[in-house]
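Just below is one structure, and these are the notes that go with it.
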Amino acid sequence: MDFEVVQAAPGNWCEAVCDALLVVVDEHTAPEALGQVLGGALKQALADGDFAFKAGRTLYLHHPGGVKAARVVFAAAASAAPKALRAAVLAGVGAVKGGGTRDLLVAAALGEPFGAAHAQAVVAAVHDAVYVYRHTKPSANEVPKLQRVRVACGADQEAAVRSALARGEAMAAGVALARELTNRPANHCTPSDLAGEARRLGREHGLHVKVLGRKEIEALGMGCFLAVAQATHQPPKFIVLEYRGAPKADRPVVLVGKGITFDTGGVSLKPAADMDEMKSDMGGAASVLGTLCAVASAKARLNVIGLIPSCENMPGGAAVKPGDVVTSLSGQTVEILNTDAEGRLILCDALTYAERFKPALVIDIATLTGACVIALGHLRSGMFCADDAVAAALLDAGEAALDPCWRLPLDDEYGEALKSNFADMANVGPRAAGAVTAAMFLKRYTAKFPWAHLDIAGVAFKGGTNKGATGRPVPLLTQFLLARAG
Ligand code: BES
Ligand code: MN
Ligand code: ZN
């Protein structure tokens, strides 16, 4: 997709040559400002009851007289906020994407000037609208023809909008990658497949990529990761990606992504209902690949390392059993009371591995707990971070990228739930505050660097009729890293 900025005042939108003109309006839009033709059509539609300033409403006009565009779509936004604009553009593009439109002009007549945040929201919405999953369903709806999107703004915003479009495109490429990989079923997205995707990404963007197999993981001593991987026939992979956008001496941010390509629960087997959704248990890993794709596309001036421990969590004759004690790469021993709490086991060894990069910051991203879904639902990721400044920056990035998170606590007292009589810690505590005790487990492997943890169990994948991956939290992470890079 190609995004460009154009300077155009509302009165001239009817003169724009394009396949489709998408006019986003809200209740503060004065129809008169849109000129005679568009303003007249809008007024008439409102009077006839065919359109209302209500979020989600669209009105499609085919070859309306006096307009150069072959199609006009009005889309109503709940307000002038970027989030409302994103929803309106998603609906508006939905009205034309199945047709002949290749060339779209997006023009917003809202109660505030169209700026950088709006531009970024438009890019996200357009990409979201045209994404089609085809990997194992090649017959799926024809891919939309849309190729070129121009975005109208005023002269004083042009430079800011242009760079926001570029930033938005980098982010959208990362979101699309994460979304696609997370949608793929576990038999089409094995740890080896993820490693292949990492290598492909490396070739495309000049990243250094290294993949460790079972022997090397054993030689390192990642006893917790190996315990999870010991019953599966799929070889486990530990994937390391390095993006160097800054001098070598600059300490990197290390992103650690949970890469469970399927989570059956292991011997602590999950119930059958909705178990298919556990193909998305590599959503953290996918977001690491997506974010590296985005920061590399944006040529961000910072160093970012991606670490992905990846395996399946299977039951079987060789499987780890409740009560088994294993030794992590850090040397700490862990009593595995519940084999379904496997994410923290693969992540703890990856966190210890992160030490060798002398990181400025480590962020792990994981579909870690059902408890986080209970706490926050599907809107906000759970965010854990002892450092107030980093926590604030993550919160801000989430708001700015329309990919929000919410901070949850890390008081030492929560760690008492992990006491074991047979090892340095158990891998689970009682049910209460399950998202927090999972974070407290990880915290024990982060003494050597500043650390944040994102529990994305509720946001990476949607159930129901629109079942599918979201590509989150690539926008949050990309926004955070680009802001950090300055
Ligand atoms: N992958 C799951 C968490 C999950 C649940 C992700 C729902 C997405 C949607 C994780 O490995 C898991 O099974 N966690 C257990 C932990 C428990 C045994 C302490 C859970 O949440 O039930
Ligand atoms: Mn599990
Ligand atoms: Zn899991």
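Note on the range 245-367: semi-axes of the ellipsoid equivalent to its C-alpha gyration tensor, largest first and rounded to whole Å, are 31, 18, 8.
Projecting the Cα positions of 311, 275, 330 onto the charge dipole of the range 275-347 (unit charges on Cβ atoms of Lys, Arg, Asp and Glu, taken about the Cα centre) puts 330 furthest along the positive direction.
Computed from point charges on the beta carbon alone (+1 for Lys and Arg, -1 for Asp and Glu), the dipole magnitude for the range 187-333 about its Cα centre is near 660 Debye. Expressed as a whole percent, the accessible surface of the range 243-402 that belongs to carbon and sulfur atoms is 56, based on a 1.4 Å probe. Of the Cα atoms belonging to the range 159-243, the radius of gyration and Dmax stand at 16.5, 55 Å. Two decimals is fine: what is log10 I(q)/I(0) at q = 0.11, 0.15 Å⁻¹ for the range 278-430, from a Debye sum with one equal scatterer on every Cα and no solvent? Debye output, listed in q order: -0.51, -0.98. Separation of the range 431-478 from the range 124-180 is 25 Å, based on Cα centroids. Given N residues in the chain, what is Rg(Cα) / (2.2 N^0.38 Å)? Taking the Cα Rg and dividing by 2.2 N^0.38 Å, one obtains 1.04. Among complete DSSP H helices in the chain, those whose alpha-carbon atoms stretch at least 30 Å along the helix's long axis and whose mean Kyte-Doolittle hydropathy reaches 0.0 are 158-183.
Simple spin-label estimate for residue 208 and residue 389 gives 2.8 nm between the two label positions (7 Å along the Cα-to-Cβ direction from each Cα). Quick one: work out Rg over Rh on the C-alpha atoms of the range 2-154, Rh as Kirkwood radius. Rg/Rh for the range 2-154 comes to 0.96.
Placing unit charges on the Cβ atoms of the charged side chains and taking the dipole of the range 1-126 about its Cα centre, the candidate lying farthest along the positive direction among 34, 8, 82 is 82. Here the alpha carbons of the range 352-423 define both size measures, Rg and Dmax, at 14.6, 46 Å. Residue 279 sits among other residues whose Cβ lies under 14 Å from its own Cβ, and their net charge, with Lys and Arg +1 and Asp and Glu -1, is -2.
The residues of the chain have, on average, 40 Å² of accessible surface per residue, using a 1.4 Å probe with all protein chains present. Modelled spin labels at residue 276 and residue 396, positioned 7 Å past Cα toward Cβ, are 4.3 nm from each other. Taken about its Cα centre, the range 278-374 carries a charge dipole of roughly 520 debye when the Cβ of each Lys and Arg holds +1 and the Cβ of each Asp and Glu holds -1. The string of couplings for the range 61-71 from the Karplus curve (6.51, -1.76, 1.60, θ = phi - 60°) is 10, 9, 6, x, x, x, 10, 6, 5, 6, 9 Hz, one whole number per residue in order, with x for Gly and Pro. When the pairs 248/462; 83/299; 258/467; 210/448 are compared against a 30 Å limit on Cα-Cα distance, 248/462 fall above it.
Basic side chains Lys and Arg get +1 at the Cβ, acidic Asp and Glu get -1 at the Cβ, and with that the dipole of the chain about its Cα centre reaches some 980 debye. The mean sequence distance of close C-alpha pairs (under 8 Å, at least 6 residues apart), as a share of the length of the range 175-485, puts its relative contact order at 23 percent.
The values are calculated or read from the model by the stated rules, or taken from the named source; none is laboratory data. This one's a predicted model, so the numbers in the text were calculated from it and none came from an experiment. Neighbour counts are summed over all protein chains in view; Cβ atoms, including those assigned to glycine, are modelled from backbone coordinates with ideal geometry. Quick note on the areas: whole protein, heavy atoms, side chains included, nothing else; ligands and nucleic acids left out. Shrake-Rupley method; radii C 1.70, N 1.55, O 1.52, S 1.80 Å.
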